[in-house]
Amino acid sequence: MAWGTVIGAAAIILIQIPPLIANGILPVPAFDWRHPALRQMGALYIPVFLGLILNSVAVVVDRGLAWGAGEDAIGAMRYATTLVQLTLGIVAAAISLAALPTLARHFQSNDAGSFRRTLGQALTMVTVLIFPQHSRWQRSPIPSPDCSSAMVPLPRLVSTKSRWRCLATCPVL
């Protein structure tokens with residue numbers, strides 16, 4: 001399967017090169033490592049890089065803890081991570097798709113007040129919608145927008161005996 005992917009990617013490149021050469025539009029990489037915009041992108045990428053490193057460390061620690069907890073622990077940890085990431089991903093994707101075009105318009109028109117107000121509203125919505133996800137350990141009365149909000153603590157939800165009963169009785173939003 002991996003070789004098929006590599007061969008397919010090479011075929012796509014080889015098919016595209018002759019027409020690009022014939023029309024004189026073959027891209028040629030030319031990096032000026034001293035260009036201020038490239039340096040700015042590198043500086044802005046540092047927090048992203050650090051976040052990815054911390055996430056990788058967290059995965060290694062989670063897997064290490066799961067190995068010592070029992071034979072079904074790794075599967076339960078993956079399932080619990082999927083439940084948590086479901087809400088984070090859906091909420092973040094929906095709000096960013098709604099807010100980013102508006103933020104771009106405000107930034108383009110140099111309207112700092114509207115930019116701050118829109119960003120504040122988006123961050124408030126994310127906080128309000130995601131916070132109940134993490135408070136389920138204490139049986140929070142605040143519902144979460146995902147299907148795992150059936151007022152069940154996360155450890156009980158991921159246990160094999162009650163998992164399907166909890167999800168089957170979950171309210172549909």
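Quick one: go through the range 91-105 and flag any residue whose amide nitrogen is under 11 Å from the point 7 Å out along the Cα-to-Cβ line of S114.
Under cut-off, by backbone N: 102-105.
Work out how much length A58 to L123 would gain on full extension: take 0.36 nm times their residue separation and subtract the Cα-Cα distance, in nm to one decimal.
Working it through step by step, the gained length comes to 21.0 nm.
For every other residue with a beta carbon closer than 12 angstrom to the beta carbon of A66, add +1 if it is Lys or Arg and -1 if Asp or Glu, then tell me the sum.
Net charge in that neighbourhood comes out at -1.
What ranking do Y45, Y79 get, fewest neighbouring Cβ atoms within 10 angstrom at the top?
Y45, Y79
With θ taken as phi - 60° and the coefficients 6.51, -1.76 and 1.60, list the Karplus ³J(HN,Hα) couplings across the range 22-29 in order, rounded to whole Hz; mark glycine and proline as x.
Result, rounded to whole Hz: 4, 8, x, 10, 5, x, 10, x.
Once the Cβ-Cβ distance between D72 and A10 is put in as r, and R0 is 45 Å, what FRET efficiency do you end up with, to the nearest 0.05? Could you put the intermediate results ahead of the total?
Details: r = 42 Å, r/R0 = 0.93.
Here the calculated transfer efficiency is 0.60.
What percent does the relative contact order of the range 1-135 come to when contacts are Cα pairs within less than 8 Å and at least six residues apart?
Details: 35 pairs, mean separation 19.9, N = 135.
Value for the range 1-135: 15 percent.
According to the square roots a ≥ b ≥ c of the eigenvalues of the Cα gyration tensor, what is the shape class of the range 18-76, taking rounded for a/c under 1.5, prolate for a/b larger than b/c otherwise, and oblate for the remainder?
It comes out oblate by the Cα gyration axes.
Starting from the Cα-Cα distance between W3 and Y45, subtract it from 0.36 nm times their residue separation and give me the gain in nm to one decimal.
11.9 nm
Ranking R34, R39, R78 by Cβ neighbours within 10 Å, fewest first, what do you get?
R34, R39, R78
Can you sort S96, S56 by how many other beta carbons sit within 10 Å, fewest first?
The order, fewest Cβ neighbours first, is S56, S96.
Read-outs: derived from the displayed coordinates by stated rules, not from any lab. Owing to the predicted nature of the structure, the values given are computational and were not obtained by experimental measurement. In this analysis, Cβ positions are derived from the backbone assuming ideal geometry, glycine residues included, and neighbour counts consider all displayed protein chains.
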